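Data block below; observations after.
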Ligand code: SF4
Ligand code: SF4
Ligand code: SF4
């Protein structure tokens with residue numbers, strides 16, 4: 001819901017103590033706060049409680065198949081770009097129990113479902129990530145057959161977005177039109193301003209619940225100049241070293257026999273990392289398990305990948321046995337046929353598939369190669 | 001539910017360290033439940049009590065390394081309705097398959113005072129190189145969860161949930177930050193079958209390839225990347241030559257480096 005009608009959206013300036021107050025207010029209302037923290041040489045999204053859990057002074061360097069944390073030499077809490085895995089981990093967990101059942105004398109009964117966990121507060125959602133959450137919301141039932149798990153978790157969630165003021169080397173949200181300004185769907189938006197006088201946050205509420213929480217955090221009202229400075233800082237993140245040739249990428253379905261597929265197949269290991277880290281990839285497999293007696297059964301939904309052989313298994317065998325056909329399937333669906341299916345691209349330009357592909361295969365480079373060859377420029 | 005007849009289970013050992021059989025004993029909590037469902041008819045590691053064959057299910061650990069093994073495994077096959085091989089030794093020849101790359105005669109001469117007492121083959125090979133096998137369960141050692149899953153699937157007449165995709169998929173599902181990307185640690189995960197539960201990558205180690213080649217291993221692409229990370233040809237060869245040295249994809253890759 002929009003903020004109180006007729007008034008400008010509530011915008012305040014918080015210092016880090018104020019941000020801590022915001023986290024406290026969120027937790028007091030019963031949300032489980034998930035946000036960035038440093039673990040295992042990376043920024044991951046995990047349970048956080050206070051500002052002290054956030055990655056202070058931590059930046060990152062990312063390129064194809066490469067990720068390193070870098071000290072920034074300042075007190076920024078959101079100075080990294082995107083975390084190792086996105087919010088999909090919490091909104092659509094890698095293993096979900098769909099139901100369990102017990103055998104009875106006359107058949108079987110379905111066990112009652114467990115109570116849902118406490119609602120999530122996602123702290124530090126970037127523009128590309130917000131876009132990805134919206135893409136998945138569409139996948140999981142904009143039309144028919146809404147997925148109750150995803151939609152339920154998203155509906156209950158509080159989203160605190162953070163706009164980037166610096167792009168990573170694998171980012172290309174600008175060319176996908178998904179950032180660096182965060183689109184719709186958040187409750188509160190932060191812009192982190194790192195200055196000589198310290199670190200402050202220009203915080204804007206977009207919903208009533210966001211506004212209530214911001215009030216509780218007790219910041220001082222933001223002036224026009226603060227908002228303008230924040231917007232200017234975010235503009236800097238639109239300077240990106242990679243870009244997607246979107247006109248070509250939308251037409252990938254027209255080039256199934258392009259020679260590039262063989263070239264990328266020589267490098268691709270079909271390891272599936274790209275699909276696992278992609279914040280929009282949604283494919284799952286369903287696994288039925290039994291106990292030894294066969295009296296108790298469970299059905300689990302698990303993340304799957306179009307890079308596995310089983311993924312395209314139908315009666316008699318798998319369809320996509322070659323590496324080229326699996327890579328082509330992934331990138332073509334993501335960038336081209338997703339439009340037919342959902343009326344938008346399935347890629348938000350977060351760059352994770354580039355960074356976390358162990359051999360650094362680059363989605364923008366693959367499209368650029370096809371772009372160049374089809375334009376006769378090579 | 002109607003009582004079903006408990007199938008007879010046999011556990012056999014060839015050239016191996018016993019670690020995979022131990023995974024069965026390691027099932028502690030589930031072991032009693034398992035004995036209610038199967039009749040343990042032959043399992044020397046657990047009991048001296050032996051029942052004659054034929055057996056409904058045989059779990060076979062170990063590789064074939066002697067002329068005696070070759071005969072014995074044929075007899076096991078004859079006695080078993082279903083034969084499931086367990087572990088890297090049984091499914092690929094194990095670490096002892098390193099002998100396949102060298103002269104065994106030479107080893108025997110160096111090691112034994114009386115080489116004439118030694119009766120061995122020059123290779124260590126998988127059970128499936130000698131008899132037909134119904135299911136191969138990978139790992140060095142196998143995962144007890146996967147072992148239970150395979151027995152469970154057998155008992156309930158369904159397909160076991162044992163994926164053949166890469167370890168990376170399991171790694172990501174477990175929320176582990178990629179060691180290769182974030183720390184530059186050489187890792188066999190992209191070409192290795194999942195199933196271990198990310199034991200090594202979860203402890204800041206690269207994958208050692210215990211579960212053998214995944215379904216479509218692009219070992220050449222990984223090897224090229226390992227070299228970019230600073231591995232020498234010999235390092236790459238050594239990585240591919242461990243517990244699954246004789247698995248075809250790993251063997252071939254190792255032979256192109258050194
Ligand atoms: S395809 Fe790659 S860049 Fe696009 S959303 Fe997925 S991970 Fe991000
Ligand atoms: S593109 Fe990279 S991450 Fe994706 S399956 Fe191929 S090698 Fe793995
Ligand atoms: S640590 Fe190894 S197994 Fe895990 S994702 Fe990285 S390359 Fe794959």
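The values are calculated or read from the model by the stated rules, or taken from the named source; none is laboratory data. Note that the structure is predicted; figures quoted are calculated from it, not measured. A quick note on method: Cβ atoms are made from the backbone with ideal geometry, for glycine too, and the neighbour counts reach across all protein chains shown.
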Residue that is nearest to ligand 2 (Cβ to nearest atom) [pool: residues in the range B:186-221 that are free of Cβ contacts under 8 Å to residues at least 40 places away in the same chain and surrounded by fewer than 18 Cβ atoms within 10 Å (Cβ to Cβ)]: B:220
Search result, residues across the range A:290-309 that are at pLDDT 95 or above, within 9 Å of chain B (Cβ to nearest Cβ) and over 22 Å from residue A:113 (Cα atoms): A:304, A:305, A:307, A:308, A:309
Given (1) away from ligand 3 (no atom under 16 Å from the Cβ); (2) in contact (Cβ under 8 Å) with a residue 60 or more places away in the chain; (3) in contact with a strand residue (DSSP E or B) (Cβ under 9 Å, 6 or more places away or on another chain); (4) not in a loop (DSSP other than H, G, I, E, B), index of the condition residue A:294 fails: (4)
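Specify which of the listed residues (A:347, A:278) is under 20 Å from residue A:174 (Cα atoms), more than 10 Å from chain B (Cβ to nearest Cβ), within 16 Å of ligand 3 (Cβ to nearest atom) and in contact with a helix residue (DSSP H, G or I) (Cβ under 9 Å, 6 or more places away or on another chain).
Values: A:347 fails: within 16 Å of ligand 3 (Cβ to nearest atom).
On inspection, the qualifying residue turns out to be A:278.
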Some residue of the range B:123-145 being part of a helix (DSSP H, G or I), under 22 Å from the mean Cα position of the chain (by Cα) and within 14 Å of chain A (Cβ to nearest Cβ): yes
Subset of the range B:176-210 that is assigned to a loop (DSSP other than H, G, I, E, B) and within 16 Å of ligand 1 (Cβ to nearest atom) - its residue that is nearest to the other protein chains (Cβ to nearest Cβ): B:177
Failed item in (1) modelled with pLDDT under 90; (2) in a strand (DSSP E or B), with residue B:12 passing the rest: (1)
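In this structure, does residue A:290 turn out to be within 12 Å of ligand 1 (Cβ to nearest atom) and surrounded by fewer than 22 Cβ atoms within 10 Å (Cβ to Cβ)? Working first, answer last.
On the way: within 12 Å of ligand 1 (Cβ to nearest atom): no; surrounded by fewer than 22 Cβ atoms within 10 Å (Cβ to Cβ): yes.
Considered against the rule, which asks whether it is within 12 Å of ligand 1 (Cβ to nearest atom) and surrounded by fewer than 22 Cβ atoms within 10 Å (Cβ to Cβ), residue A:290 comes out as no.
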Some residue of the range A:319-327 being under 28 Å from residue B:148 (Cβ atoms), more than 8 Å from chain B (Cβ to nearest Cβ) and either in contact (Cβ under 8 Å) with a residue 60 or more places away in the chain or crowded, with 17+ Cβ neighbours inside 10 Å (or both): no
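At least 2 residues that are touching a helix residue (DSSP H, G or I) at 6+ places or on another chain (Cβ under 8 Å) and surrounded by 12 or more Cβ atoms within 10 Å (Cβ to Cβ) in each: list the helices (runs of 4 or more DSSP H) lying fully within the range B:50-121 that qualify. It would help to see each step written out before you state the result.
Details: elements: B:67-79, B:87-92, B:104-111.
By residue number, B:87-92, B:104-111.
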Strands (runs of 3 or more DSSP E) wholly inside the range A:79-172 containing at least 3 residues that are touching a strand residue (DSSP E or B) at 6+ places or on another chain (Cβ under 8 Å) and surrounded by 18 or more Cβ atoms within 10 Å (Cβ to Cβ): A:120-125, A:158-163
Matching residues, the range A:332-344, being touching a helix residue (DSSP H, G or I) at 6+ places or on another chain (Cβ under 6 Å) and within 16 Å of ligand 2 (Cβ to nearest atom): A:332, A:335
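Considering only residues of the range B:166-175 that are buried (at least 24 other Cβ atoms within 10 Å of the Cβ) and facing chain A (nearest Cβ under 7 Å), which is farthest from ligand 3 (Cβ to nearest atom)? Give the steps one after another, and end with the answer.
Applying the first criterion (buried (at least 24 other Cβ atoms within 10 Å of the Cβ)) to the range B:166-175 yields B:166-172.
So of that shortlist, the ones also facing chain A (nearest Cβ under 7 Å) come out as B:166, B:168-169, B:172.
Details: B:166: 7, B:168: 3, B:169: 8, B:172: 6 Å.
In this case the residue turns out to be B:169.
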